Structure formats: C-alpha cells, structure tokens
Amino acid sequence: MRHRRLPFIAGFLVLPLTLYAVLVLSPYAQAFYLALTDWRGVSARAEFVGADNFARLLDDPQVLGALKNNAVMLLVVPIATVVLALFLAAALSLGRRRGAGVYRVVYFFPQLLSVAVVGVLFQFVYTPNSGLLNGVLNLLGIEGRSWLGDPSLALWAVMAVVVWSAVGFYVVLFCAAMESIPREILEAAAIDGASALTRLIRVVLPLVWENVQVAFIYLGMAALDGFAIVQIMTVGPGGPDNATEVLGLTLYRNAFTYGKFGYASALGVALFFLTLALAVLVLRGSRRDRVEMA
Amino acid sequence: MPENTPTRRGFLGLLALTPVVAACATGGGAPAPSVPAAAGPTSAANPLGVAAKDPLDVVIFKGGFGDDWAKFAESLYTKRHPEAKIKHAGIQGVGQAMQPRMVAGDPPDVIDNSGAGALDVASLVADKQLLSLEKLLDAPSADDPAVKVRDTLVPGIVEAGSFGGVPYVLNYAYTVWGLWYSSSLFAKHGWTYPATWAEMLTLGDEIKKAGLAPWTYQGKYPEYMNDPLLTMVAKAGGMEQVAAIDNLEPGAWRADSVKAVVEAFAELAGRGHIMKGSEALSHTEAQTAWCQGKAVFIPCGSWLEAEQAKVTPAGFDMVVGPTPRLSDADKLPGTAIQAAGSEPFIIPAQGKNTAGGLEFLRLMLAKESAANFATTASAMPVRKDALEGLQLSSGLKSVGELVAAAGKDALSYRFPGWYAPLAKAVHDSTGELLNGRVSAARWTERVQKAADQVAADASITKYKR
C-alpha cells in the first residue's frame, strides 16, 4: 500500500497548490516581468525597457524620501515595540499580580481593530482643535501641537500609532514564552541576588530570544510597509510635504495615480528584495545558541 | 503578520494580478466597432431615428447625486417611445461592471461613467469604442426644435468632452469653484464680499477683530486651496498664462502673475488669517468648523452645499463668491470662474440601440429633466438655463448667478489631469506655503522644477491645449 500514498497526498494538494500558483506565484512572477516594461495599466500594450525603471528609482526624490522615512521607521518601530512588549509581558507574567489576564486582553485589543479603524481613530485623537491628545495636554497646561500637520512631528505620530497597534500582539507572544520558563531558574537567580532588571535581561531575555527574533522580523516588515496607516491618516496622504511618505505609498501613487504600473512594479520588486535582505540579516545577525529548557 | 489587512505583500499580489485581468480583458479580441444600422426613419418628433420597439439599456453611477434624475429622464423617454422597454441599473464601480460587457461586445446603450473606478475614457477613445456625440449636439433640443442641443449647453462643455476635436463625452453636472461664506453672517457684521485681494486682506483683518478666523481650508488635502490660487493666477495672467502652464512652457510658473498671486496667498499665513489647526483637518472637519461659524471663508466646489446639508445650521444661508481679482490690472474680469463638468456620459459604439442612447441624452438635457436634476440632486446641470424659475437653496442659487455672471469666462486647468506628478508638487508646495514653511519664491522654484521634470520626462505623454 505504501507506494499508493504519494498520489493520495498529491491528490489533496493539487487544488490548493494550483490556486497558490495561479493567485500568488504567477502574479509575483508577472510583477518581476512588468518591472522591466513601461506598462501603463490600461491596455495590454507593454514595451520592454530593460533596467530603465530601476535606474530611475535611484534618482526619484520621492522614492529616496520614502526610503529615508522607512529607514527611520525600521530603526524606531521594532526596537520600541519589542522593548515595550518585553517590559509589559514581564510585568504580566512574572509579576504574578491579580488581574494580569484582564490586562493581557486589554493590551491585545488594538490587534482586533483593522488598520483602517486604527487610522481613522487616531486621526481624531490627533486632530488639533478638538482632538483627545490636545485636549488632555490643554488640561495639563501644555499647548497642543498640530501633530499630523507639522512635518517634524508627523512621522513620529505615525510611528506611535504603529507601535500602539502592534505592541499587544507581542505582549501576548512574549507572555506565552515567559510562562514556559521554569520557575526554578528564576528563583535560583533571585536567591543568587540578581535584581529584577538583571533577571529580565540576563535570564529571561535569552530564554525568549527566539520569539524576540521572530518579532524583529515581523516588525521589520511592518516598518517597511506602513502603507495603510499612512494612506488613511496623514495629510496629503504622505505629507505634509512628503514627511510621512513610505515606499508602499509611492508604489501605490505611481501605479494608480500616475498610471506607471511598470515603474511601480520595479519599486515593488526593489521592496521585495529589501524585505528579504532584512529578514536574512536579522536571522543571521541575531543567531545565538539555542537554550534547551527542561 | 501583526499588521493585518492591506499589507505590502497582499498589495503587491493584487498589483501583479492586474495584468492577468488586463490580459483576460484584452485577449478576447473584441470585434471592430461598426456603426450599427440602428437609425430608423427620422421625423420632427423623432429626429434621431429611434426604432420604436428597441429596448434601451441605461447604466447610471449611483453616487452623491442618486439616480432619481436619470429615472425621470427615462420616464420622458417612455412617454415618447411607449413601446420601448427600458432597463435601468443604478450602480457603483462602473468600470468593473462594464469592462467585461465592453470586451464581450455587449455594452449598454448609455453609461454614466462616473465615480471611483470608472472606465478610462482615453483608452476607450483610442480603441474606438465610443460613439461620436456630434449627431446629438446638432439635433434639435427637446423643448425647442429651433435650438440645437449644442446651444443649450454651458460654454466649454463640448470641448471638455472632445478628443481630437470629436465629442465623445458629455458631462451632465457642472461644478463651479469659488469661496463660500454665510450670507447671514455677512449681513450681521455688515461685511461686503471683497472684489480684490487687497480688500480681502483688509476684510480679513476686520474679521479677526470680530474674534473669528477669516479662512479655513481642507488642510489634509491642500489642493482645495489651489483652486482659488490658480483661478487668481488665471485672472491676473489671462488665458495665455493658463495655456502656458498647461503646455509646460519653460518658466511658465515664474511668470509675474504667478509670483504675485503666490505672494498674495502667502499673506494669509503672514497675517494669521487661517484658522489655527486647519492644516491637519480633513475636509469634513474643516467644512464643519466653517459651518459652525468658526471661520468665514472656505474654498470649495459647488458640491459643498449638498455635502454639508446635514450639519448646516438653519439660517446659515451659504453662498459662493468668485475668487477676488489680484488687482485692477487683471486680464480676466472679476466674474471669471473656474468650472468643469462631471458625471461624464458615454455611448458605446457597439451598443445595440445607439440611437436610443442619443435620444436618452437629448431628453436628459430637456428643460424638465435639467430642473429635476437641479432640485433632486441639488447640483447644476450643464444646461445653461436649468436653474431659471426654480425655487432654489441659497447655495445653488448663488452658483447659478456665478455661472450667469461669468458667461464665457469659465476656465479650467488641464495639467492636474494630464500630469499628476506636477499636480502633487503644486499641492504639497501650497500646503507648505499656507503654513509659512515655504516662501513665495521657494514655491515658484519648487513648482517650476517639477514642471521642468515632467517636460523632460520622455515616458510621460504630452498634451497641448
């Protein structure tokens, strides 16, 4: 019977694999081809232009501006989210306070909201004259700012929202990881005189390192994206004056506003390799010895 | 993935899927359009030769204007051609729904090609999929056989729908841009609407003294403010200046008229005439603040009254005024306006009842239908005398007066439609100008640079007006 198993399994996989090939792989492959054409997206006409689109990418000020903003997000968002999530997760799972379960749900809550809802919500929070944030600041006697209207603040306002909406997921992830750490290890460290902070950094962190690594990859991708939140929330969008432009938005605008689908595909392909490179770098750079827990 | 919904990856997939759709859409080998032998015998009552029994297939974009006005025109059609069955569809996403029918050679007889995701008219024209509307324009109008349909329309509307001199598109609604204010507020303070920019600034100072903000604008979309700015450029520099800008002539944005107007608008920032926080408000937020009387002027198109209907307090009496002149040396009169058509109607060349399609448009342009559109959709149709003798809201009435006063001086820029990257540069620069982060001189340099880049980019198709 053994030799019959392969066709049996293959029979089950044919449909999903075909769907995957048609709906996922072939569009990817086509994007790579389109990146080498001047396709405008309204007819079947597309002429081969070679690497012309890629050459243009490098001196398009909008692309460079977007790249800079994505780089800032790449530096800030993952680190801020992971540090915050580690801190909260440690407080919840190691502190053994009552009500930890409730807080875990509360932190996870933003995860349940779609990006569109989050974007609209925070636009209201940030709105200058009647927004929640400026309202609170005014109560404290601090003059409110035009958070999304000021080029020096807008990107930070966007990143705060991205961190806010992402942190809950990682709190839950890290909580689960921390709870699988044997208590004896932490108790032994405490008896040896390690402070809470030392225990967190020297004992807990190495034991949850794999999760942190995964978090960095996911957050890195999120930081290279940021399209939805910027598109919905910011002035312009992508403004004021390109202060919150991200590569995803540049791609979108080139395709759907400027009708340069070929150029947009080139941008997409570049972004693809950028993300791939990032994932490889993070995995390589953060490789550590695996700790086996009893 | 923690960031769910439209991720870059999903987006790329979607993006890359489009060629498949496009390939499907174009691979079918649509038959070459031929002029169907639809036209029957013509008569004075039936100048377009509609065959009595041919059914009519109408597709209307059901957006902000609804579709009752189209049903009204259909009822007129039924009166004249009682044997013809009419199929009406009021839909959204017109392009998606119509593309397969166009490709299959089975299009409806009339399409209101409007809203997000409409069919790309330029490609339809290029593929010869549209019927020329010449016959309709030269047909006698529904009300007066002595007047051609062409002569009932507002100036410029036929040209705006023409490609290479052939009219393929008929815009049914007419949008006018200007500065909106509450006439009751003006009456209360004894203010008069400024005719020149100097008067505007003086009035602004006075408004500030009264404790109000003179201006607000839809800061999240700074292009709203470009409408008055560019209209003032047109008034100061004349139509030659508009043409120079649209034709990407070298140094067009460095012209004295542009410089002077940009400096004039920079004054708004300099004098603090713009409501604090405007730069971060969405259009709804800014317009609501304006309706609440927090600011006196707001730039907008003539859809504003309908858009604000739910939040406008009773007795607010909003009206629209023309953009002030820069000075008395202006080349265009103060009554000139920026105006353009919307709700573009097309007739597919492969339709089965093209004569019926033309007849439908002719009846839609009848006085009765136009009046019905004005009252049910609260907007102005492209028929010149549409608003005459109607009981109108204050805003729509003022729109009608503005159009009448402007006469032939209705202008519109073509570059935002032709060269989107240039339009973006103008929008961004104006946003910065109004917040005092970019000087007038820098504005001109930035925009001129963007225009030069577009002009030098061989991959962008160029047009001339």
Inset, instruction - Just one of (1) surrounded by fewer than 16 Cβ atoms within 10 Å (Cβ to Cβ); (2) modelled with pLDDT of 90 or more trips up A:Gly99, so point out which. - result: (2)
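When you check A:Tyr258 against the structure, is it surrounded by 13 or more Cβ atoms within 10 Å (Cβ to Cβ) and either more than 9 Å from chain B (Cβ to nearest Cβ) or modelled with pLDDT of 90 or more (or both), yes or no?
On the way: surrounded by 13 or more Cβ atoms within 10 Å (Cβ to Cβ): yes; either more than 9 Å from chain B (Cβ to nearest Cβ) or modelled with pLDDT of 90 or more (or both): no.
No; evaluated as a whole, the condition is false for this residue.
Based on what the data block shows, is B:Gly436 surrounded by 23 or more Cβ atoms within 10 Å (Cβ to Cβ), of a type outside the set (Phe, Trp, Tyr), within 14 Å of chain A (Cβ to nearest Cβ) and in contact with a helix residue (DSSP H, G or I) (Cβ under 9 Å, 6 or more places away or on another chain)?
Working: surrounded by 23 or more Cβ atoms within 10 Å (Cβ to Cβ): no; of a type outside the set (Phe, Trp, Tyr): yes; within 14 Å of chain A (Cβ to nearest Cβ): yes; in contact with a helix residue (DSSP H, G or I) (Cβ under 9 Å, 6 or more places away or on another chain): yes.
It is false that B:Gly436 is surrounded by 23 or more Cβ atoms within 10 Å (Cβ to Cβ), of a type outside the set (Phe, Trp, Tyr), within 14 Å of chain A (Cβ to nearest Cβ) and in contact with a helix residue (DSSP H, G or I) (Cβ under 9 Å, 6 or more places away or on another chain).
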Inset, instruction - Within segment A:217-246, work out how many residues are buried (at least 23 other Cβ atoms within 10 Å of the Cβ), outside any loop (DSSP other than H, G, I, E, B) and more than 8 Å from chain B (Cβ to nearest Cβ). - result: 4
Legend entry - segment B:208-242, subset over 18 Å from B:Ala266 (Cα atoms) and over 23 Å from the mean Cα position of the chain (by Cα), residue farthest from the other protein chains (Cβ to nearest Cβ): B:Lys209
Inset, instruction - Test each condition in (1) within 14 Å of chain A (Cβ to nearest Cβ); (2) surrounded by fewer than 21 Cβ atoms within 10 Å (Cβ to Cβ) for B:Lys188 and report the one that comes out false. - result: (1)
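Kindly state which helices (runs of 4 or more DSSP H) lie completely within segment B:129-193 and contain at least 1 residues that are over 21 Å from B:Pro344 (Cβ atoms).
Details: elements: B:134-138, B:157-160, B:183-189.
Filter on segment B:129-193 gives B:183-189.
Can you find, within segment B:198-238, the residue that is farthest from A:Asn242 (Cα to Cα) among those that are assigned to a loop (DSSP other than H, G, I, E, B) and among the polar types (S, T, N, Q)?
As a first pass, look at segment B:198-238 and keep what is assigned to a loop (DSSP other than H, G, I, E, B): B:210-212, B:216-222.
Of the ones still in play, those that are also among the polar types (S, T, N, Q) are B:216, B:218.
Values: B:Thr216: 22, B:Gln218: 17 Å.
Among residues in segment B:198-238 that are assigned to a loop (DSSP other than H, G, I, E, B) and among the polar types (S, T, N, Q), the one farthest from A:Asn242 (Cα to Cα) is B:Thr216.
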Legend entry - Only one of A:Leu67, A:Leu94, A:Leu75 that is crowded, with 16+ Cβ neighbours inside 10 Å and either modelled with pLDDT of 90 or more or within 14 Å of chain B (Cβ to nearest Cβ) (or both): A:Leu67
Legend entry - First in segment A:227-244 and at pLDDT below 90, second anywhere and small (Gly, Ala, Ser), Cβ under 8 Å, 6 or more apart: A:Gly236/B:Gly431; A:Gly239/A:Ala154; A:Gly239/B:Gly431
Legend entry - Index of the failed condition, A:Arg145 passing every other in (1) free of Cβ contacts under 8 Å to residues at least 12 places away in the same chain; (2) of a type outside the set (Val, Ile, Thr); (3) within 10 Å of chain B (Cβ to nearest Cβ): (1)
Inset, instruction - Would you point out which residue out of B:Val261, B:Val320 is assigned by TED's automatic domain parsing to the domain that holds B:Glu445, assigned to a helix (DSSP H, G or I), at pLDDT 95 or above and under 24 Å from the mean Cα position of the chain (by Cα)? - result: B:Val261
Legend entry - Number of positions in segment B:135-173 that are in contact with a Gly (Cβ under 6 Å, 6 or more places away or on another chain) and either touching a residue at least 60 places away in the same chain (Cβ under 8 Å) or surrounded by fewer than 18 Cβ atoms within 10 Å (Cβ to Cβ) (or both): 5
Inset, instruction - For residues that are out of contact with any Asp or Glu (no Cβ under 7 Å at 6 or more places or on another chain), assigned to a loop (DSSP other than H, G, I, E, B) and within 11 Å of chain B (Cβ to nearest Cβ), tally how many sit in segment A:148-183. - result: 2
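Residues of segment B:267-288 being assigned to a helix (DSSP H, G or I) and buried (at least 23 other Cβ atoms within 10 Å of the Cβ), which ones? Steps first, please.
Our first condition is that a residue be assigned to a helix (DSSP H, G or I); within segment B:267-288, this holds for B:267-270, B:278-280, B:283-288.
Scanning segment B:267-288 gives B:Ser278, B:Glu279, B:Ala280, B:Glu285, B:Ala286, B:Gln287.
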Inset, instruction - Would you be able to say whether some residue in segment A:47-55 is in contact with a helix residue (DSSP H, G or I) (Cβ under 9 Å, 6 or more places away or on another chain), part of a loop (DSSP other than H, G, I, E, B), more than 12 Å from chain B (Cβ to nearest Cβ) and exposed (fewer than 14 other Cβ atoms within 10 Å of the Cβ)? - result: yes
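Can you say whether B:Tyr174 is modelled with pLDDT under 95 and in contact with a Lys or Arg (Cβ under 9 Å, 6 or more places away or on another chain), as far as the supplied structure shows? I'd like the intermediate steps shown before the answer.
Numbers: modelled with pLDDT under 95: yes; in contact with a Lys or Arg (Cβ under 9 Å, 6 or more places away or on another chain): yes.
Against the criterion (modelled with pLDDT under 95 and in contact with a Lys or Arg (Cβ under 9 Å, 6 or more places away or on another chain)), B:Tyr174 qualifies.
The rows are residues; the columns are (1) at pLDDT 95 or above; (2) under 16 Å from B:Gly431 (Cβ atoms).
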{"residue": "B:Glu249", "(1), (2)": "yes, no"}
{"residue": "B:Ala252", "(1), (2)": "yes, no"}
{"residue": "B:Phe265", "(1), (2)": "yes, yes"}
{"residue": "B:Ala269", "(1), (2)": "no, yes"}
{"residue": "B:Met275", "(1), (2)": "yes, yes"}
{"residue": "B:Glu279", "(1), (2)": "no, yes"}
{"residue": "B:Ser282", "(1), (2)": "no, yes"}
Inset, instruction - Working only within segment B:61-80, note down all residues that are in contact with a strand residue (DSSP E or B) (Cβ under 8 Å, 6 or more places away or on another chain) and assigned to a loop (DSSP other than H, G, I, E, B). - result: B:Lys62, B:Phe65, B:Asp67
Legend entry - Filter result for A:Phe48 (more than 18 Å from A:Tyr263 (Cβ to Cβ) and aromatic (Phe, Trp, Tyr)): no
Inset, instruction - Could you tell me whether any residue of segment A:204-216 is out of contact with any Ser or Thr (no Cβ under 7 Å at 6 or more places or on another chain), within 8 Å of chain B (Cβ to nearest Cβ) and either without any contact (Cβ under 8 Å) to a residue 12 or more places away in the chain or surrounded by 19 or more Cβ atoms within 10 Å (Cβ to Cβ) (or both)? - result: no
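Based on this model, can you work out whether B:Ile298 counts as farther than 17 Å from B:Trp177 by Cβ, surrounded by 17 or more Cβ atoms within 10 Å (Cβ to Cβ) and of a type in the set (A, V, I, L, M)?
Numbers: farther than 17 Å from B:Trp177 by Cβ: no; surrounded by 17 or more Cβ atoms within 10 Å (Cβ to Cβ): yes; of a type in the set (A, V, I, L, M): yes.
Taking the combined requirement at face value, the residue does not satisfy it.
So how many residues does segment B:198-226 have that are touching a residue at least 24 places away in the same chain (Cβ under 8 Å), more than 18 Å from B:Phe316 (Cβ to Cβ) and buried (at least 21 other Cβ atoms within 10 Å of the Cβ)?
First pass over segment B:198-226, keeping only residues touching a residue at least 24 places away in the same chain (Cβ under 8 Å): B:198-201, B:204-205, B:207-208, B:212-226.
From what's left, more than 18 Å from B:Phe316 (Cβ to Cβ): B:198-201, B:204-205, B:208, B:217-226.
Okay, now just the ones that are also buried (at least 21 other Cβ atoms within 10 Å of the Cβ), so B:200, B:204, B:217-220, B:222, B:224-226.
Within segment B:198-226, residues that are touching a residue at least 24 places away in the same chain (Cβ under 8 Å), more than 18 Å from B:Phe316 (Cβ to Cβ) and buried (at least 21 other Cβ atoms within 10 Å of the Cβ) number 10.
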Inset, instruction - Mind checking which helices (runs of 4 or more DSSP H) fall wholly inside segment B:377-465 and carry at least 2 residues that are under 18 Å from the mean Cα position of the chain (by Cα)? - result: B:394-406, B:415-418, B:420-434
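The values are calculated or read from the model by the stated rules, or taken from the named source; none is laboratory data. Worth saying up front: this structure is predicted, and the values here are computed from it rather than measured. Note that each Cβ is placed from the backbone with ideal geometry, even for glycine, and that neighbours are counted across all protein chains shown.
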